Each structure stands twice: as C-alpha cells, then as structure tokens.
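Presented below is the structure to which this report refers.
The values are calculated or read from the model by the stated rules, or taken from the named source; none is laboratory data. Worth saying up front: this structure is predicted, and the values here are computed from it rather than measured. Cβ sites come from the backbone with ideal geometry, for glycine too, and all protein chains shown count toward neighbours.
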C-alpha cells in the first residue's frame, strides 16, 4: 500500500527566508511520481511541482525546489525567499507507476511572518 | 471547459436525505478522483475513475456512498441517508493518463448536513 507522511502540522518562517516542508512516502511500486500542492485559505488546490522517481535531478519551479532523496523515501519541498502570499496549507502527494490513484499527506500549514 | 467544474458549490441538506454532487472534468482527461476534506484536515481519498470504470473505490466510507462516471466525462457522487459526519468539502480532480501528470482540482462542494 502507498502512504504519504507529513510530520509538520504547522511551520513558521520569516519573510524572505527559506523553508523546508518535509514529506516521506512508502510504496512498493518500482516507479512513481511525487507532487506538491498549495491550498490557500480560499480552498483552491494549486499544483506546484512534480518529481519523477527516475529523474536524475531534483525538480525546480521558480522559488520551489524539491529535495528528493530516493533511498530515504523523502521528497521535501523547499521554498526560497518566502513571501507573505506563501502562507497556506501544503500537501505532498504520490501516484504509483500505473498512473492511477493519487494519494495525499495530511498537510503542513505554513505561516510567513512579516 | 477550461477547468474542472463542480456543482453545487454549496449544499445544505437535512439528515437522512440523499444528495448528488457533480463533477465535470477537463475535456480529454481520462482519470477522475473524488476526495473529502474536513475542516483543517488533509484530503481523504474516496474513489478513482479511469474512463468509466473505478479501479479503486477503497476510500468510500460506507455503502451509503456511491459514484459513477458516464461517457468518460461527468461524474456523480451520491450520498444516501446523509449523516452529520458527512459534512465536509468534497473535491473532484481530473488528470491525463500517466504517472507524471498532475491533477487539476475543482473548487469543491461544501456539504452541510443539519
């Protein structure tokens, strides 16, 4: 069975600082995809970044990067130069190699302080 | 349509009544997901469709919950004999085939059972 674990219910970061949100996963699939989503207080789910299990390099999208450590089964999200608008819930998610079921972690609530 | 559309956006129903929630996925997306999100919580997986079939319905909480998808497009989630614990936001998402394709979410239906 697949499982996603986010152990930080809440995080605080000072504006303009970098922050790392933790995500560990468990799967028996030989290949899989990892995703991060942002959910502001408005409730919409916004896709941020994707990492494939066979990708040689860590994914980056603007201020977002993914610290992928396959042996440790971790896929931490790094947000550089935090902005007040980054305050939101962040969810880590995974799809197996059949490209089917997409499961989510419990989320981390990030608060950016001015 | 341009995005995933869910209706209604809000639904208040009396305990014991049946409700139907609708999801219109992005055109051409073969995968469709339903999730439930209680206040401040993560996304609880309910069911996943590939085309019109549901390879994984393991997340449906009870036999009061059912879902169908027709024409590889619109999906309906039905909750029979609603209970107060069914109150939550029900989110629908769709994606193209494949492990590396992100899911796009609708705005959700907020269900309140009184």
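Which of the strands (runs of 3 or more DSSP E) contained wholly in the range B:70-114 include at least 3 residues that are closer than 22 Å to residue B:50 by Cβ and within 14 Å of the chain's Cα centre (by Cα)?
Values: elements: B:75-79, B:88-95, B:109-113.
Result: B:75-79, B:88-95.
Could you check residue A:80 against (1) more than 28 Å from residue A:1 (Cβ to Cβ); (2) within 10 Å of the chain's Cα centre (by Cα) and say which number it fails?
Only one criterion is unmet by residue A:80, namely (2).
Looking at (1) under 30 Å from residue B:10 (Cα atoms); (2) free of Cβ contacts under 8 Å to residues at least 24 places away in the same chain; (3) under 14 Å from the mean Cα position of the chain (by Cα), find the lone condition where residue A:43 falls short.
Condition (3) is where residue A:43 drops out.
Within the range A:35-55, identify whether any single residue is more than 18 Å from residue B:93 (Cα to Cα) and more than 14 Å from chain B (Cβ to nearest Cβ), and answer yes or no. Give the derivation first.
Taking the range A:35-55 as the starting set, the residues that turn out to be more than 18 Å from residue B:93 (Cα to Cα) are A:41, A:51-55.
Add one more test, that the residue is more than 14 Å from chain B (Cβ to nearest Cβ), and what stays is none.
There is no residue in the range A:35-55 that is more than 18 Å from residue B:93 (Cα to Cα) and more than 14 Å from chain B (Cβ to nearest Cβ).
Does at least one position in the range A:17-28 carry a residue that is under 23 Å from residue B:96 (Cβ atoms) and out of contact with any helix residue (DSSP H, G or I) (no Cβ under 7 Å at 6 or more places or on another chain)? Break it down stepwise before answering.
So the first thing to find is which residues in the range A:17-28 are under 23 Å from residue B:96 (Cβ atoms), and the list is A:25, A:27.
Checking the rest, the ones that are also out of contact with any helix residue (DSSP H, G or I) (no Cβ under 7 Å at 6 or more places or on another chain) come to A:25, A:27.
Checked against the condition, which is being under 23 Å from residue B:96 (Cβ atoms) and out of contact with any helix residue (DSSP H, G or I) (no Cβ under 7 Å at 6 or more places or on another chain), the range A:17-28 yields at least one hit.
Table: residues versus (1) farther than 25 Å from residue A:49 by Cβ; (2) within 12 Å of chain A (Cβ to nearest Cβ); (3) modelled with pLDDT of 95 or more.
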position: B:36; (1), (2), (3): no, yes, yes
position: B:48; (1), (2), (3): no, yes, no
position: B:68; (1), (2), (3): yes, no, yes
position: B:100; (1), (2), (3): no, yes, no
position: B:108; (1), (2), (3): no, yes, yes
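In the set A:7, A:60, A:27, which member is within 14 Å of chain B (Cβ to nearest Cβ) and without any contact (Cβ under 8 Å) to a residue 24 or more places away in the chain?
Just one listed residue meets the conditions, A:7.
Could you check how many residues of the range A:82-109 are within 16 Å of residue A:49 (Cβ to Cβ) and within 14 Å of chain B (Cβ to nearest Cβ)? Let's see the steps before the verdict.
We begin by selecting, within the range A:82-109, every residue within 16 Å of residue A:49 (Cβ to Cβ); these are A:82, A:86, A:88-95, A:102, A:104-105, A:107-108.
Then drop every residue that is not within 14 Å of chain B (Cβ to nearest Cβ), which leaves A:88-95, A:102, A:104-105, A:107-108.
So the count comes out to 13.
Given the residues B:101, B:109, which is the only one that is crowded, with 18+ Cβ neighbours inside 10 Å and under 20 Å from residue A:92 (Cβ atoms)? Give the derivation first.
Details: B:109 fails: under 20 Å from residue A:92 (Cβ atoms).
It is B:101.
Taking the options A:96, A:107, name whichever one is more than 13 Å from the chain's Cα centre (by Cα) and crowded, with 16+ Cβ neighbours inside 10 Å.
Working: A:107 fails: more than 13 Å from the chain's Cα centre (by Cα).
From the options A:96, A:107, the qualifying one is A:96.
Which condition number does residue B:42 fail, the rest of (1) farther than 27 Å from residue A:109 by Cα; (2) at the interface with another protein chain (Cβ under 10 Å from one of its Cβ atoms); (3) not in a strand (DSSP E or B) being met?
Here residue B:42 meets the rest and fails (1).
Of all residues being in contact with a strand residue (DSSP E or B) (Cβ under 7 Å, 6 or more places away or on another chain) and farther than 15 Å from residue B:68 by Cα in the range B:79-89, which is nearest to the other protein chains (Cβ to nearest Cβ)? Just the residue, please. Explain how you work it out, then say what you get.
The initial filter retains those residues of the range B:79-89 that are in contact with a strand residue (DSSP E or B) (Cβ under 7 Å, 6 or more places away or on another chain), namely B:79, B:82-84, B:86-89.
Filter once more, keeping what is farther than 15 Å from residue B:68 by Cα: B:82-84, B:86-89.
On the way: B:82: 21, B:83: 23, B:84: 21, B:86: 18, B:87: 15, B:88: 12, B:89: 7 Å.
If we take residues in the range B:79-89 being in contact with a strand residue (DSSP E or B) (Cβ under 7 Å, 6 or more places away or on another chain) and farther than 15 Å from residue B:68 by Cα, then B:89 is nearest to the other protein chains (Cβ to nearest Cβ).
A quick yes/no check of all residues on (1) in contact (Cβ under 8 Å) with a residue 24 or more places away in the chain; (2) within 12 Å of chain A (Cβ to nearest Cβ):
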residue	(1), (2)
B:24	yes, no
B:28	yes, no
B:33	yes, yes
B:53	no, yes
B:71	no, no
B:94	yes, yes
B:103	yes, yes
B:114	yes, no
